[in-house]
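Down below is the structure, laid out as structure tokens.
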Amino acid sequence: MSTRRKSIVAGNWKMNLDAAKARSLTEAVAARAGEAANVDLVLCPPALYATTVAAALGLAAGSSPSGVAPSGVALGGQNSHDKESGAFTGEVAPGMLRDIGSRYCILGHSERRTLFGETDKVVNAKVKAVLATGLTPIVCVGESLEERESGRTEAVVTEQVLGSLAGISADDLAKIVVAYEPVWAIGTGKVATPQQAQDVHALVRSLLARLSSPTVADKIRIQYGGSVKPDNAAELAACPDIDGALVGGASLKADDFLAIAKAFG
Ligand code: PGA
């Protein structure tokens, strides 16, 4: 972790929990957020429970994205549409996420890309819409096992970064968070080695520099995601270009999520 960048650890709850569990998990994290005071903490619940989580964090409806919850824990979406309103049954608009107090939104998660057909072009439109709404996109990239084994990691990640972030100004790029999540490490218990992760993080930062400038790229936080657990977080946190974690399974337990966050503090 660079001393110049504040780490950011986000919990991606995916399609898990119920309203009561979402509330109690939020309360447990918020009560102990001070243990990771040097880290930006974000909870990304299922959209239907976002207001429950917002209330448990003390976020008022209509609060601005720059408003910090009393708990110090921020709220994030797991996905967003790229339009502000309209006939898009089942979708959530960026402004709706902001309206309930969200500050972040995960975009282009590999599950969205592989299960819901999101291309770099789709992700790019969402990134632009989310930025325009004043939220911080957490833009996910990462190669599949087959792509890694056939030596295509660099090419795949390069295409995803350049495609997902095409046409975004340096000023806006400075606001985003990137998450490198090798698909083969997500939910498999098979974490990337610190060296594997660091190598791709360095590549992502060089691509961000190409899209903006080395000064801007140096400020952008790049999270690692994929089977991050309390017992492997510290070695990932020690890598110079790893500035936090996007945590799936382990974010469903307050103890584990906070232990990971503390490793990045
Ligand atoms: P995992 O998921 O921590 O359960 O591997 C990470 C993610 O998909 O963001």
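The values are calculated or read from the model by the stated rules, or taken from the named source; none is laboratory data. Since we're looking at a predicted model, the values are computed, not measured. Cβ atoms come from the backbone with ideal geometry, glycine included; neighbour counts cover every protein chain shown.
The table that follows gives values for the structure above.
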read-out	value
Counted residues, segment 105-123 - those being more than 20 Å from residue 187 (Cβ to Cβ), under 17 Å from the mean Cα position of the chain (by Cα) and assigned to a loop (DSSP other than H, G, I, E, B)	0
The listed residue being modelled with pLDDT of 95 or more, in a helix (DSSP H, G or I) and either away from the ligand (no atom under 16 Å from the Cβ) or within 22 Å of residue 40 (Cα to Cα) (or both), out of 163, 167	163
Residues satisfying the stated conditions in segment 170-184, i.e. within 16 Å of the ligand (Cβ to nearest atom) and either among the β-branched types (Val, Ile, Thr) or farther than 14 Å from residue 136 by Cα (or both)	177, 178, 180, 181, 182, 183, 184
Filter result (in contact with a Gly (Cβ under 8 Å, 6 or more places away or on another chain) and either small (Gly, Ala, Ser) or over 26 Å from residue 60 (Cα atoms) (or both)) within segment 105-118	110, 118
Residue that is surrounded by the most Cβ atoms within 10 Å (Cβ to Cβ), among those in segment 165-200 that are touching a Cys at 6+ places or on another chain (Cβ under 7 Å) and of a type outside the set (S, T, N, Q)	181
Per-region count, segment 17-50, residues within 18 Å of residue 106 (Cβ to Cβ) and part of a helix (DSSP H, G or I)	8
Selection from segment 4-16 of residues that are in a loop (DSSP other than H, G, I, E, B) and not small (Gly, Ala, Ser)	4, 5, 6, 13, 14, 15, 16
Segment 208-261, residues that are surrounded by 24 or more Cβ atoms within 10 Å (Cβ to Cβ) and on the phi > 0 side of the Ramachandran plot	226, 244
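The rows are residues; the columns are (1) at pLDDT 95 or above; (2) in contact with a Gly (Cβ under 6 Å, 6 or more places away or on another chain); (3) assigned to a strand (DSSP E or B).
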position	(1), (2), (3)
70	no, yes, no
79	yes, no, no
87	yes, no, no
95	yes, no, no
103	yes, no, yes
125	yes, no, no
154	yes, no, no
